[in-house]
């Protein structure tokens, strides 16, 4: 046996890591120090500057970040323009091909030039090459869009950091954790299988909601833009929140929630908010079938777009603290969870979600299913790809009647096979129209390479096509 390897970064669990992990002295940064150290490292600004100098510096940085954020919002329209431009160019080329074709054969004097005819016959091939290059260009711009999105997330977090450093409370109680009284202000709900964090709950800015060192009470008005740790209970589960709200009483910047059921981790939710509006989130959940499901998504009004990983779950993560002695160090974010995750990947999805399911009608979404090592082991330690599917999804299943979806799949005892056509309920719906369908059994290394090229599939994928 030999392996057709495609080493890729999309779907690799390490992709999440490194943004919020401080390896100085080999220790994890915690609480406010964690945020401050990140700020100092990224800006080079000392948070112990004199008051006037610090204020000028923070004002300058805030203005710069606002400018960057506005530019990033404008950059988000790039993929749409690229698609419009691509369609326009292809249309113009088609017009050129048609007009050239008739001019070449008919001519002004009705004669056919042999050299022009040979050139015309090469146009379809050149057109196909040009279309391939355009598809690659569009993918590159989509990846650029992802980078812009990541940068905007960093900007939102940085803005909340600047607000934190500009907070007088931090100067008075540097390196202290602000604890809120249990169950004060934190409520969440599930709407159409989507996790929603409700707004803070207190009546006025004068309400005493938190404390430091058990003897210093603090009001809601004093805690604007200050990270707070809130333990609580909801639906019989322990809920731990770490984040901040702004002067509009809206969650702002990065907010983290850990949920435990019988001391076992059930969910990590890490949302990035812009004045109460959810911009992006990462989430770890325990699924009923015994898997860890990990999402990294950008939030839109009617859908979320991004990536989902599924890992086998062979053990629980249990906490060793209570609501009475919890500290910031006990709060897990997604990066830290993945740092310690040592499980086998079983699935990956790239596309839109809505109502808690994979729902994508663009035809551009794709998913990968993997064999477990005991089912079929790869030759170089990578997981073996069981199925690669690209097409439409409805409520988590393959469902595409456009004759444009396709998959490459195998079982342990079979070789890879290819189908291009319609799908329903995760199954190829063959036999609908032989003229529009394409099937290839017992794929070779060269077959798979050619199929991916023909389908313009240039995504980096993680895993191994193990070809007999």
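Tabulated results
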{"read-out": "Failed item, numbered, when residue 363 is tested on (1) touching a strand residue (DSSP E or B) at 6+ places or on another chain (Cβ under 6 Å); (2) over 30 Å from residue 297 (Cα atoms); (3) assigned to a loop (DSSP other than H, G, I, E, B)", "value": "(2)"}
{"read-out": "Evaluation of residue 361 against (1) touching a residue at least 40 places away in the same chain (Cβ under 8 Å); (2) under 30 Å from residue 191 (Cβ atoms) (one fails), failing number", "value": "(1)"}
{"read-out": "Among (1) within 12 Å of the chain's Cα centre (by Cα); (2) surrounded by fewer than 19 Cβ atoms within 10 Å (Cβ to Cβ); (3) over 21 Å from residue 331 (Cβ atoms) - the single one residue 296 does not satisfy", "value": "(3)"}
{"read-out": "Failed item in (1) in a strand (DSSP E or B); (2) touching a helix residue (DSSP H, G or I) at 6+ places or on another chain (Cβ under 7 Å); (3) under 26 Å from residue 181 (Cβ atoms), with residue 296 passing the rest", "value": "(3)"}
{"read-out": "Residue within the range 302-310 that is touching a residue at least 40 places away in the same chain (Cβ under 8 Å) and not in a strand (DSSP E or B) present", "value": "yes"}
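Bear in mind that the values in this text are calculations on the coordinates, not laboratory data. Every value quoted in this text rests on a predicted model; they were computed, and no experiment measured them. Note that we place each Cβ from the backbone using ideal geometry, even for glycine, and neighbour counts take in every protein chain shown.
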